[in-house]
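Only one structure is covered here, and it is reproduced in the block below.
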Amino acid sequence: MILSIREELENREEDLHPRAARSRLSSRVREEKKSPVRTEFQRDRDRILHCKAFRRLKHKTQVFISPGGDHFRTRLTHTLEVSQIARTIARALNLNEDLTEAIGLGHDLGHTPFGHTGERVINGFLEQGFKHYTQSLRVVDHLESEGRGLNLTMEVRDGILKHSKGQGPIIPKNMGSLPKTLEGQILRISDIIAYVNHDLDDALRAGLITEDEIPQSTQNVLGPSFAKRIDTIVIDVIRRSLETGLEYIAISDEVYNEINSLRDFLYDRVYQVKESTEEKDKISHILNTVYQHIESDPGKYISLYPQEDTVQRRIVDFIAGMTDRYILNLFRDLTSPKCIF
């Protein structure tokens, strides 16, 4: 009997590291008929790539809101850079590249307009609060495909949910809070590798800092350029992870400490500067105005699914899914007088 292409691909996965995830062992909340040509992780990657929430990332803030230049990162370009770094590490460690890419493409689907500033405002709209990583899981579980969700594998869902660090530890002392798969752990580290480097690059482009102001320790330990810094960290992660026998995805103390120092530098010199009181007040005013308007006539804007959720929860889903451009246009429509001829 001739094997299907998918079965051939699954057989090739047996050549991966013993601790790599195998797509034939994956499961979904709702069982589905197997594809004849794609593994389960490849199907997840494709579902994320083709979903509406992924396309909206191109008009969502990474750090700089509505930047004047064409070369600043958006949430979409951040996602692509994270996925590329993660795939490089997974390939070098002989882990499941398809799973790593699927998690990478889906990890930030729940981000709000106006980046983390917008997230903090929206957090106040719900009694239980709002976190972009739980919203990312909500997007793929409930909101996409007219409320049916994407029905992703458990491994991809776990990696999406546990990717976020904020200002917390990259590798937590409680290993139970890490993703269950090594591929998910790769994504968690790749996320910070990408953003500390590209946010530094964008801050230089915006003139918030100069090359001379980059900490000397960063240049000494990680390297003097954007490309060199990423290269240094990626190679360090690969080497240290191999030294552990891939018990977990590791990083040397020297590089780990320097990444944390660089992140602290960015919070002090870039993120908090961009979140000036004036700008935060503007963003808060926009989001609150839109929320209150929709709440006054929800049937005009929000869908009825998922029906078990409150109106407030569905309004938050709607606003969180908006691009910066969409919500600014809506705000102008709500607050600007109409011309009558």
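The values are calculated or read from the model by the stated rules, or taken from the named source; none is laboratory data. A quick note: this is a predicted structure, and the numbers were derived from the prediction, not measured. FYI the Cβ positions are ideal-geometry reconstructions off the backbone, even for glycines, and counts take in every protein chain you see. For the accessible areas, the whole protein counts, side chains as well, though only heavy atoms, and no ligand, DNA or RNA atoms are used. Shrake-Rupley method; radii C 1.70, N 1.55, O 1.52, S 1.80 Å.
A few points about this structure:
- The single condition among (1) without any contact (Cβ under 8 Å) to a residue 24 or more places away in the chain; (2) of a type outside the set (Val, Ile, Thr); (3) open to solvent by 80 Å² or more (accessible area, probe 1.4 Å) that Lys280 does not meet is (1).
- Subset of region 121-155 that is on the phi < 0 side of the Ramachandran plot and out of contact with any helix residue (DSSP H, G or I) (no Cβ under 8 Å at 6 or more places or on another chain) - its residue that is most open to solvent (accessible area, probe 1.4 Å): Glu127
- Qualifying residue in region 290-308 (condition: in contact with a Pro (Cβ under 9 Å, 6 or more places away or on another chain) and touching a residue at least 40 places away in the same chain (Cβ under 8 Å)): no
- The residues of region 1-33 that are under 24 Å from Leu182 (Cβ atoms) and assigned to a loop (DSSP other than H, G, I, E, B), listed by number, are Leu16, His17, Pro18, Arg19, Ala20, Ala21, Arg22, Ser26, Ser27, Val29.
- Test: residue in region 146-154 that is over 30 Å from Ser284 (Cβ atoms) and not in a loop (DSSP other than H, G, I, E, B): yes
- Filter result (over 11 Å from Leu266 (Cα atoms), more than 14 Å from the chain's Cα centre (by Cα) and of a type in the set (Gly, Ala, Ser)) within region 192-208: Ala206, Gly207
- Restricting region 46-68 to residues that are open to solvent by 30 Å² or more (accessible area, probe 1.4 Å), in contact (Cβ under 8 Å) with a residue 40 or more places away in the chain and of a type outside the set (D, E, K, R) leaves a set whose member that is nearest to Glu7 (Cα to Cα) is Leu49.
- Verdict on Arg43 being in contact (Cβ under 8 Å) with a residue 12 or more places away in the chain and under 18 Å from Thr153 (Cβ atoms): no
- Of the helices (runs of 4 or more DSSP H) entirely within region 48-138, those holding at least 3 residues that are of a type in the set (Asp, Glu) occupy 97-106.
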